[in-house]
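Have a look at the structure below, then the notes.
The values are calculated or read from the model by the stated rules, or taken from the named source; none is laboratory data. Owing to the predicted nature of the structure, the values given are computational and were not obtained by experimental measurement. A quick note on method: Cβ atoms are made from the backbone with ideal geometry, for glycine too, and the neighbour counts reach across all protein chains shown.
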Amino acid sequence: MEDVEKKLSKDKVDKYDRQLRLWGAHGQAALENAHICLLNATATGTEILKNLVLPGIGRFTIIDGAKVSEEDLGNNFFVSQPDIGRSRAEVTSELLREMNEWVQGTHIAQDPNELIANQLSSFSQYTLVIATNLPTSSLLPLSEFLYSNHIPLVVSRAYGFVGYLRNVVPEHCIFETKPDNPLDDLRLTNPFPSLATYCGTWDLRQKSEGGNLDSHLHSHIPYIVILYQSLIEYRKNNPTFNPTPKTEAEKAEFIKIVTRHSTGEDKNFEEATDAARTHIYPGYRLPDDLTDVLNDDKASASSTPTSNYWIIAQAMKQYVDEEGKTVPVKGSVPDMTADTNSYVSLTEIYYQKSRQDIAKVLGYVRKYEKQANRAEGSVTDEEVERACKSVRDWKVVRYRSIKEEYETPDKDSLEMSVDVGENGPWYVALRAVDRFYEKEKRYPGDVEENVEGDLAKMVEIGKALEEELLRVDEESGEQKRVPDLEKVLREMIRVGGVELHNIGAHCAL
Amino acid sequence: MASQLDENKRWKGVFTLLNRNGPFAQEGFTPDSKDSQKLKNYLRALENDRGDPNCKILVIGAGGLGCELLKDLALSGFRDIHVIDMDTIDISNLNRQFLFRKTDVGKPKAECAARFINSRVPGVNVTPHFCKIQDKDDSFYQQFNIVISGLDSIMARRYINSVLVGLVSKDDDGDIIPDTLIPFIDGGTEGFKGQARIVLPQLTACFECAMDLFPPRTSFQICTLANTPRLPEHCIEYARLLRWDKDKPFVNAKGEVEKPDMDNIDHLRWIYEIALKRAEEFDIKGVTMLSAKGVVKNIIPAIASTNAIVAALCANEAFKIVTYTADTLNNYMMYTGDQGLYTLTFEKDKKEDCLACSGVEQVLTREVDLKQTLNEFIDDLKADPILQFSAPSVNRTEPPMTIYMPKPPSMEAKLRPNLDKPMSAFCEDGTQLTMTDPMMKGVAVIIRIKAKDPLA
């Protein structure tokens, strides 16, 4: 846990305690440096923004041309009765800002569709845009603009009981994916010199076997030492075996060696047997997601980096290539049965190695920084250190634009989703609603008189969508269809375009 | 003021779904009949000349989940809402409990939450109860049509679950009398994860049915704390558990030694400083005020979005249960949001031998070394994943004998010497002990003693 108290004011540490434990001071800084734009202060939109204001987003701007209506009072928490008739952008921004005095918030009382049509470039000032209830005719141009400017867009809506969330980000670069059960990085199958030296100085034998450790210290030999020595012996005695135990017979032989000097009741030898499963048998290899990042074109030595992330990736790639396909050591050791001295010594050994490794990476970072004509130190030491410590958790995610989604639909995923009974049909239904709205400038089933007639129109739209989004079945030669499509279309009409608060709240970021 | 609002305009979203049938509505949903007004009267708890019943809903907890639940229920059309919470507001609540402000720190959560919702949502009537859930009797819980909990402890959930299970009555044919069954929606969150479940007491899996999914928290071994510390946590717990009793650092005005109070900043600071010194002694890095606080208070990280997601889910289920507008969750959903977004919905089976809802007193056999003390026996049962007793009473069935009771204080004092006596003083192989626990209302568990063979 980094020393959050050094970086943030006491007030912030007290109030934000519960979230700082999740994302640390650097995560909080990222939040506070962001300027979020919300289009349409609907129930869904304001609920999403609420969950950003409370943890302390730096700034927000709400763009909405509507006036607060009675209908808003039924699903939107950030309007109140005396506000009916006032600008919804203004009212919601007041009531959202009021929740956190450290957040700046403004509003633009204008229809977002107008702004998108006439002042698209004004969106380049935002760190991220949230769009709710935008018709396709506005969503497409907005998405294209933001995508080409590398500004993330989040599209969300609540439609009756159905909620929808879509991230549109050309490239999401992650250093710290924070997996649930992070793998400790012990390097037992390819130990570095200082680790090998330390582990080699121990005599695992009990006193009765001629060893030099009393029973207390013997039962407190760290399992790292036990596994290191056992692996050496295993390899020495079995030159025809896999160097890292793979088959059942090899594993059994290895465990025999591990437990050879145990009295039978020692916790540390037990821990060694357990730890073999995660630290010996799998051997050492780099995670696939990390390999993907390092093999990306943008990590190659000759590429021009578009962000600090890629400068660090270039540096790491060189490190990996030159250090024999290993990454910097993490530098921490999991708890284990051990006497304090040996545990602290081991911790120090891994820590010192990680410092050396980080220093090497830093050297490469400075090189690529210079190569890219960036000021020295524009990539901070701290950033590099954090990236090195979590290197085995790196990942880059690339999302397609809305235009790509519409023009070259991912038929594989949709067909599978429909086949296994998941949410595919609802995707088609929501697309049908959007199409209907583009044509009729209202939602299907908006008033009682339209319910029946709208069904026929929606069914026609649905058929056309099936032909766009699903393929022709190879065997039968027939167009694939969504089973029970009419059912979901009927539900869309039933809903008549209403937004339920709970579904909007559930779409919260 | 509120009466000037056009209810049909305001509740357009909710009423559209109540007025119209659809392919996903529950069987038996008949909006086209005159009973659709009955449903609206029920949801909105509106008094009317037909005498239609009114819905009363209870929210347990006015914290991270509770604040969200109150907002969600009020904006779903519910009008008669009660909320119960025994806590007062702390500054660290404000990053997600949005019904509270800095000036509210120290005030009761239930009261502040009710006040905020009542002023923001016209016409809603949230009634606060600033007390423990154990302070209310059966007749209090019986008045509600649905109970939703946003609690922060396993034990509290266990308690309310046992109360609601206990309220269910069956008729002579053994069928549940519908009015006595109160649906129980339970939500929980931790960091980026959460879950929600629906319990129809005695009909579907109850909270107790899944008790062994939450094993008791393991603590550090004393020998590690005393002799071989390795981690900052060891140094911190050393200060709290071992040094506090020795040094007795705080004495109150009456001259009594104060117990460690983790909300007292001076106590916290003392623990931090002792822990730091010890860490320095052993060359252990990483003791900070933040980590010390986290360890001694067992702090669980919490953010607004997870609470919003889970609460909205629970409130939506309540809405569907009451209105039949769509099918309800059957019966457990898990959500994780730390690596992308992932949810899993499945049906949890009712446990046939559940301690709370099986309808039959369970007999569990436990192997016991008769030489161990009663206190050790009780500690084992506290650590037992199925039992997880908190402060059990122990009675022998045959011949009858009250062996130990934690309350009332007079009885406890009288029976306390029994804690140090060996089990052989009260039982032999085959003896049955009847045990009850304050966290499981109306539940008795019979433990059949099987003497452990000392030679085995």
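Of all residues in the stretch A:422-436, those satisfying the criterion of being crowded, with 21+ Cβ neighbours inside 10 Å and either free of Cβ contacts under 8 Å to residues at least 12 places away in the same chain or of a type in the set (V, I, T) (or both) are A:V428, A:V433. Tell me, yes or no, whether the stretch B:335-345 has at least one residue that is touching a strand residue (DSSP E or B) at 6+ places or on another chain (Cβ under 9 Å), under 20 Å from B:P201 (Cβ atoms) and in contact (Cβ under 8 Å) with a residue 12 or more places away in the chain. No, because not a single residue in the stretch B:335-345 is touching a strand residue (DSSP E or B) at 6+ places or on another chain (Cβ under 9 Å), under 20 Å from B:P201 (Cβ atoms) and in contact (Cβ under 8 Å) with a residue 12 or more places away in the chain. Evaluating B:H82 against the criteria (1) part of a loop (DSSP other than H, G, I, E, B); (2) more than 14 Å from chain A (Cβ to nearest Cβ) leaves one unmet condition, (1).
Looking across the stretch A:185-202 at every residue that is buried (at least 16 other Cβ atoms within 10 Å of the Cβ) and not aromatic (F, W, Y), the one that is farthest from the other protein chains (Cβ to nearest Cβ) is identified as A:T189.
Which one of these is over 20 Å from the mean Cα position of the chain (by Cα), farther than 19 Å from A:E47 by Cβ and free of Cβ contacts under 8 Å to residues at least 60 places away in the same chain: B:V105, B:V124? After ruling out the rest, the residue left standing is B:V105. Just so you know, in the stretch A:44-71 the residues that are of a type in the set (D, E) and surrounded by fewer than 24 Cβ atoms within 10 Å (Cβ to Cβ) include one that is nearest to the chain's Cα centre (by Cα), and it is A:E71.
Number of residues in the stretch B:274-314 that are assigned to a loop (DSSP other than H, G, I, E, B), buried (at least 22 other Cβ atoms within 10 Å of the Cβ) and more than 9 Å from chain A (Cβ to nearest Cβ): the value is 1.
All of B:A239, B:A292 fail the test of being under 27 Å from the mean Cα position of the chain (by Cα) and under 30 Å from B:I89 (Cβ atoms), apart from B:A292.
Every listed requirement among (1) in a helix (DSSP H, G or I); (2) under 30 Å from A:E144 (Cα atoms) is met by A:Y228 save one, (2). Looking only at residues of the stretch A:222-235 that are of a type in the set (V, I, T) and surrounded by 24 or more Cβ atoms within 10 Å (Cβ to Cβ), we find that the one that is nearest to A:Y343 (Cα to Cα) is A:I224. Considering only residues that are within 27 Å of B:R96 (Cα to Cα) and buried (at least 20 other Cβ atoms within 10 Å of the Cβ), which ones fall in the stretch B:193-222? The answer is B:G194, B:A196, B:R197, B:I198, B:V199, B:F207. Filtered by the rule that a residue be within 14 Å of chain B (Cβ to nearest Cβ) and either touching a Cys at 6+ places or on another chain (Cβ under 9 Å) or under 12 Å from A:R97 (Cα atoms) (or both), the stretch A:56-73 gives A:G56, A:I57. Pairs meeting the criteria (first residue in the stretch A:376-401 and free of Cβ contacts under 8 Å to residues at least 60 places away in the same chain, second residue of a type in the set (A, V, I, L, M), beta carbons under 7 Å, at least 6 apart or on different chains) are A:D381/A:L362; A:E385/A:I358.
Being modelled with pLDDT of 95 or more, within 14 Å of another protein chain (Cβ to nearest Cβ) and out of contact with any Pro (no Cβ under 7 Å at 6 or more places or on another chain): is that true of A:E144 here? It is false that A:E144 is modelled with pLDDT of 95 or more, within 14 Å of another protein chain (Cβ to nearest Cβ) and out of contact with any Pro (no Cβ under 7 Å at 6 or more places or on another chain).
Flag not set for A:E486, criterion: acidic (D, E) and buried (at least 19 other Cβ atoms within 10 Å of the Cβ). The single condition from (1) over 19 Å from A:G163 (Cβ atoms); (2) in contact with a Ser or Thr (Cβ under 7 Å, 6 or more places away or on another chain) that A:N502 fails is (1). Residues in the stretch B:355-388 that are free of Cβ contacts under 8 Å to residues at least 40 places away in the same chain and among the small types (G, A, S): B:S358 only. Among the residues here, B:A391 qualifies as more than 9 Å from every other protein chain (Cβ to nearest Cβ) and either farther than 30 Å from A:Y16 by Cβ or free of Cβ contacts under 8 Å to residues at least 24 places away in the same chain (or both). Condition (residue is within 30 Å of A:E382 (Cα to Cα), surrounded by 15 or more Cβ atoms within 10 Å (Cβ to Cβ) and not acidic (D, E)) applied to the stretch A:252-270: is it met by at least one residue? Within the stretch A:252-270, not a single residue is within 30 Å of A:E382 (Cα to Cα), surrounded by 15 or more Cβ atoms within 10 Å (Cβ to Cβ) and not acidic (D, E).
Summed over the stretch B:332-372, residues that are polar (S, T, N, Q) and either within 14 Å of chain A (Cβ to nearest Cβ) or closer than 26 Å to A:Y164 by Cβ (or both) total 4. Criterion first (within 25 Å of A:N423 (Cα to Cα) and either of a type outside the set (A, V, I, L, M) or away from every other protein chain (no Cβ under 14 Å) (or both)) does B:F377 satisfy it? For B:F377, the condition - within 25 Å of A:N423 (Cα to Cα) and either of a type outside the set (A, V, I, L, M) or away from every other protein chain (no Cβ under 14 Å) (or both) - is not met.
Being within 14 Å of chain B (Cβ to nearest Cβ), polar (S, T, N, Q), touching a helix residue (DSSP H, G or I) at 6+ places or on another chain (Cβ under 6 Å) and surrounded by fewer than 22 Cβ atoms within 10 Å (Cβ to Cβ) holds for only one residue in A:N76, A:N100, A:N113, and it is A:N100.
Selection over the stretch B:127-169 of residues that are surrounded by fewer than 18 Cβ atoms within 10 Å (Cβ to Cβ) and assigned to a strand (DSSP E or B) gives a count of 1.
Among the residues that make up the stretch B:407-425, is at least one of them under 30 Å from B:F207 (Cα atoms) and in contact with a Ser or Thr (Cβ under 9 Å, 6 or more places away or on another chain)? Yes: one or more hits. Take B:L73 and decide whether it is within 14 Å of another protein chain (Cβ to nearest Cβ), crowded, with 19+ Cβ neighbours inside 10 Å and in contact with a Cys (Cβ under 7 Å, 6 or more places away or on another chain). No, not satisfied.
What are the residues in the stretch B:14-66 that are within 27 Å of A:P425 (Cα to Cα) and part of a loop (DSSP other than H, G, I, E, B), if any? Within the stretch B:14-66, B:R20, B:N21, B:G22, B:P23, B:F24, B:A25, B:Q26, B:E27, B:G28, B:F29, B:T30, B:P31 meet the criteria. Restricted to helices (runs of 4 or more DSSP H) entirely inside the stretch A:372-420, those with at least 1 residues that are under 25 Å from the mean Cα position of the chain (by Cα), modelled with pLDDT under 95 and of a type outside the set (A, V, I, L, M, F, W, C) are A:381-389, A:411-419.
Across the stretch A:155-174, the number of residues qualifying as within 13 Å of another protein chain (Cβ to nearest Cβ), out of contact with any Phe, Trp or Tyr (no Cβ under 6 Å at 6 or more places or on another chain) and over 22 Å from B:N21 (Cα atoms) comes to 6. Residues that are under 18 Å from A:W102 (Cβ atoms), under 25 Å from the mean Cα position of the chain (by Cα) and in a helix (DSSP H, G or I): does the stretch A:34-43 have at least one? Checked against the condition, which is being under 18 Å from A:W102 (Cβ atoms), under 25 Å from the mean Cα position of the chain (by Cα) and in a helix (DSSP H, G or I), the stretch A:34-43 yields no hits at all.
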